[in-house]
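A.B. asks: Could you have a look at this structure, given as structure tokens, before my questions?
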Amino acid sequence: MSLAWPLLGCYTVLVVYASLFPFEGWRAQGVAPWAFLTAPWPRYWTRFDVVANLLGYVPLGALLTVALARAGWPRGAPVLGVVGPALLSLAMEATQTYLPQRVPSQADALLNAIGALIGAVGATVLLRWRVLGSWAQFRARWQQPGGQWAWAVLLLWPLAVLYPTPVPFGTGQFWPRLEAALWRAAEGSPLQAWLPQSPPLAAPSPLTEALLVALSLWLPVLLGYASVRHIGQRSVFALLFGAVAWGSGALSAVLSFGPLHAWAWLTPPTQLGLAAAGAMSLFALPLGSRAAALLAVLAGGLMLGLLNRVPDPAYLGEWLQTWEQGRFSRFHGLSQWLGWLWPWAALAAAARLALRRSEGASYNRRP
């Protein structure tokens, strides 16, 4: 199966979530869901909204075109690559009619369709120039059987770590918020007495924080090791992932604090965790693919267990205001859910690799 299909599925979910967030206040407002098509054009546009609506659908059009072309529909793929995302956009705008916090607009739908057209045309050109054919050959040389889901999960990692976390790169911390939500829901009801009384969470020691940083980075590294074929390819992946990790950490800080604080996250415990992650990644280079996948499951489970016993730092609330009340207000819920769920998707992908064809899940150590 082409990698385009799982990427298309993941990206479609992201688009739907971003379009309908915050999923609150659903009600009929006395307006037909298609009324936005004949409504006056919006008076005020921001550059951010235009760029987001235009570029947000470019990957959708490109992925659908490639997926359909690989499935044996080369002639109809460009047309469906535009029509499919355009229909999805119309459906999202119509559904926004029932969300008081969202404003449907034919301008947004038009920009979405233009973005899908750009993506479909670009994918068609790349297919005709056989650039994507080379990508298929690249996958055949690099990717382990069944590794497409692991690659799809890894491609989402830079987005998952952008949302502020109590520990750098520490995705998957959901239990403190889930526990608080349960207490709020059960307050004043007989169920409140049945909820466990958890002791106050203590701030992690510097060594624990360093361990969490190391495990948070080691999990995607091991998943990458388990999904490529040769030790030379693992070395290239580790170097590229290291560069992406540094860039993602800096970008998250820039989006939250501003360009002057791009490296504020590089505290001494974080630096120790980065060094430990590098050493652990070097240690894991010669492991077999199945061993790397099993180790990823163990590392991810340990990381989630430790991370969900870490309280939110005092500054996290102020940090989140930039996301929840600023220009990222439409996307902060999406990025938050992605950050919560990414480790679980990584564990599922690693377990799938570990259980798939165990008799042939070895890799060639020659580069």
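Every number in this text was worked out from the coordinates using simple rules, so none of it is lab data. These numbers were taken from a predicted model, which means no experiment stands behind them. Here the Cβ is made from the backbone with ideal geometry for all residues, glycine too, and neighbour counts use every protein chain on show.
A.B. asks: So between residue 185 and residue 266, what do we pick up on full extension, going 0.36 nm a residue minus the alpha carbon distance? Intermediate values should be presented prior to the final figure.
C.D. replies: Values: separation 81, 0.36 × 81 = 29.16 nm, distance 3.77 nm.
So the chain would gain 25.4 nm between residue 185 and residue 266.
A.B. asks: Among 229, 130, 290, which one shows the biggest mean-square fluctuation in a GNM of the chain, springs joining Cα atoms closer than 10 Å?
C.D. replies: 130
A.B. asks: Sorted from fewest to most neighbouring beta carbons within 10 Å, what does the list 280, 303 look like? Kindly include the intermediate steps, with their values, before the conclusion.
C.D. replies: Working: 280 17, 303 27.
Listing 280, 303 from fewest to most nearby Cβ atoms yields 280, 303.
A.B. asks: Moving on to the next point. For residue 246 and residue 38, calculate 0.36 nm times their separation in residues minus their Cα-Cα distance, and state this gained length in nm to one decimal. Walk me through the numbers before you get to the answer.
C.D. replies: Numbers: separation 208, 0.36 × 208 = 74.88 nm, distance 4.70 nm.
Using 0.36 nm per residue and subtracting the Cα-Cα distance, I get 70.2 nm.
A.B. asks: Helix-only estimate, please: 222 nm mean residue ellipticity of the chain, summing -39500 (n - 2.57) across DSSP H runs of length 4 or more and dividing by its residues, to the nearest 500. Walk me through the numbers on the way to the answer.
C.D. replies: Values: 14 runs with 237 residues, N = 367.
Result for the chain: -21500 deg cm²/dmol, rounded to the nearest 500.
A.B. asks: Right, here's the next one. For Kirkwood radius over Cα pairs in Å, the choices are [x] 21.3; [y] 20.7; [z] 22.6; which was calculated from the structure?
C.D. replies: [z]
A.B. asks: How far, in nm, would the chain grow between residue 27 and residue 341 when pulled straight, counting 0.36 nm per residue and subtracting the alpha carbon separation?
C.D. replies: 110.2 nm
A.B. asks: Counting Lys and Arg as +1 and Asp and Glu as -1, each charge on the Cβ, what is the dipole of the chain about the Cα centre in debye, to the nearest 20?
C.D. replies: Charge dipole of the chain: 1420 debye, to the nearest 20.
A.B. asks: Additional query: When the chain is treated as a GNM, springs tying every alpha-carbon pair under 10 Å, which of 164, 204, 190 comes out with the largest mean-square fluctuation?
C.D. replies: It is 190.
A.B. asks: Taking amide hydrogens as modeled 1.01 Å from N in the peptide plane, which residues meet the under 5 Å criterion relative to residue 228, leaving out close sequence neighbours?
C.D. replies: 144
A.B. asks: Find the relative contact order for the chain and round it to a whole percent, using C-alpha pairs within less than 8 Å whose residues are 6+ positions apart.
C.D. replies: The normalised contact order for the chain reaches 22 percent.
A.B. asks: Could I ask something else about it? Which whole-Hz couplings ³J(HN,Hα) result when phi for each residue of the stretch 76-92 is put into the Karplus expression 6.51 cos²θ - 1.76 cosθ + 1.60, θ = phi - 60°, listed in order with x for Gly and Pro?
C.D. replies: x, 4, x, 5, 5, x, 9, 5, x, x, 5, 5, 4, 4, 4, 5, 5
A.B. asks: Dipole magnitude of the stretch 4-142 about its Cα centre, charges +1 at Lys/Arg Cβ and -1 at Asp/Glu Cβ only, in debye to the nearest 20?
C.D. replies: Details: 10 positive and 4 negative charges, 114 e Å.
Dipole magnitude for the stretch 4-142 comes out near 540 debye.
A.B. asks: Please rank 222, 111, fewest neighbouring Cβ atoms within 10 Å first, as an exposure proxy. Before the final figure, lay out each step's value.
C.D. replies: Details: 222 26, 111 22.
The fewest-first ordering by Cβ neighbours comes to 111, 222.
A.B. asks: Given a 10 angstrom Cα cut-off, can you work out which residue in 189, 235, 252 is the most mobile in a GNM of the chain?
C.D. replies: 189
A.B. asks: Ranked by Cβ crowding within 10 angstrom, fewest neighbours first, how are 82, 31 ordered?
C.D. replies: The fewest-first ordering by Cβ neighbours comes to 31, 82.
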